[in-house]
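One structure below.
FYI, it's all coordinate maths here, none of it is from the lab. Owing to the predicted nature of the structure, the values given are computational and were not obtained by experimental measurement. Ideal geometry is used to build each Cβ from the backbone, glycine not excepted, and the neighbour counts take in all protein chains shown.
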Amino acid sequence: MKRFVLIDTAEIPDGGGALCLFEYGDDFVIKIQGGNGNQLMNTRTHGSEDALAEIPCRKIAHRPQPRVLIGGLGMGFTLASALRHLGKDAEVQVAELVPGVIDWNRGPLGEKSGMPINDPRTRVLRKDVAEVLKSEPQGYDAIMLDVDNGPEGLTRKSNSWLYSSTGLDACARALRPKGLLAVWSASADQAFSQRLARSGFIAEEVQVFAHGNRGTRHTIWIAEKRS
C-alpha cells in the first residue's frame with residue numbers, strides 16, 4: 001500500500017509557515033505544514049500547469065527574443081512547458097521565494113519535469129515575483145502567475161496583492177505592448193475577471209483538466225494588455 005513519506009520541509013519566508021515535500025509511491029506531493037492535508041500540487045496531475053505556459057507561449061513564440069516571467073516555480077512543469085513552446089532565443093525567468101522549492105527542483109522534482117531549471121534559457125530569481133514585477137517596466141512579452149491557489153492567497157496572505165487591482169496594474173506595467181498575462185486558479189472567480197478588465201486587459205477564461213481529459217478542472221485566465 002502506498003503511503004506518504006516526508007522527504008523535506010521548506011520554510012516560507014516572512015513567517016508564512018512551511019511547505020512539506022512527500023514521496024507517494026512513484027510520485028511527489030507538496031502540502032502546507034499543519035494544513036488540512038490537501039495537496040497543493042503533485043507530479044502526477046499537472047495538465048493545467050502545462051497549459052498555463054503553453055497557451056501564452058504559443059501566442060508570443062514568433063516575437064524576436066521573447067522574454068517571459070513565471071511567478072512560482074512549483075514542481076517545474078510550467079517552466080518545462082514554456083521552454084518547450086519557445087525558441088532558442090527566448091529567456092524564461094522564474095521568481096521563486098522559497099529556497100527549498102528551488103533545491104527540490106534541482107533534485108527529485110527536476111527529474112520528474114525533465115530538469116528545466118538547467119536549461120540555458122532559464123534564469124531563476126530567488127525573489128518575490130511582486131518585487132520583480134515592480135523592477136521591470138515593459139520587460140516581458142508574457143507573465144504567468146501560479147504562486148498560490150488562485151486570487152485568494154492560501155499559502156501566503158501577502159500573495160493576495162498580486163491578484164488585487166494594484167497588483168494587476170503592476171503586471172500591466174511590466175508587460176510589453178500586447179503582452180499576455182496568464183493566471184492559474186483552482187476555481188473560477190468573477191470578481192477577478194472584472195479586476196482584469198479594469199486594469200486594462202482583454203481576458204478570456206479557460207477551463208483545463210488537471211490530468212489528461214478527465215477529473216478536476218482548473219481555471220486559467222489569458223489576458224492581453226490592450227496597448
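Report the relative contact order of the chain, percent, no decimals, based on alpha-carbon pairs under 8 angstrom and at least 6 residues apart.
Numbers: 488 pairs, mean separation 39.0, N = 227.
So the answer I get is 17 percent.
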Neighbouring Cβ atoms within 10 Å as the yardstick, rank ASP27, ASP146 fewest first. ASP27, ASP146
Computed from the coordinates I sent, Cα extents along the principal axes in Å equals one of (1) 54, 38, 37; (2) 62, 42, 39; (3) 49, 38, 25. Tell me the label. (1)
Under 18 Å from the Cα of LYS59 - lysines, other chains or at least 8 residues apart: LYS88, LYS178, LYS225
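By average Cβ neighbour count within 10 Å, what is the ranking of 93-99, 186-192 from highest down? Please report the intermediate quantities before stating the final value.
On the way: 93-99: 21.9, 186-192: 14.3.
My ranking of the peptides, most packed first, is 93-99, 186-192.
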Rank HIS85, HIS46, THR9 by how far each Cα sits towards the positive end of the charge dipole of region 1-87 (+1 on Lys, Arg Cβ; -1 on Asp, Glu Cβ) and give me just the farthest. HIS85
Could you give the dipole magnitude of region 44-225 about its Cα centre, charging the beta-carbon of Lys and Arg +1 and that of Asp and Glu -1, in debye to the nearest 20? 260
Roughly how many Å is it from the Cα centre of region 31-64 to that of region 153-227, as a whole number? 13
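State the antiparallel share, in %, of DSSP beta bridges confined to the chain, rounding to the nearest 5. Please list the in-between numbers first.
On the way: 32 of 50 bridges.
Expressed as a percentage, antiparallel bridges in the chain total about 65.
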Taking amide hydrogens as modeled 1.01 Å from N in the peptide plane, which residues meet the under 5 Å criterion relative to VAL124, leaving out close sequence neighbours? VAL94
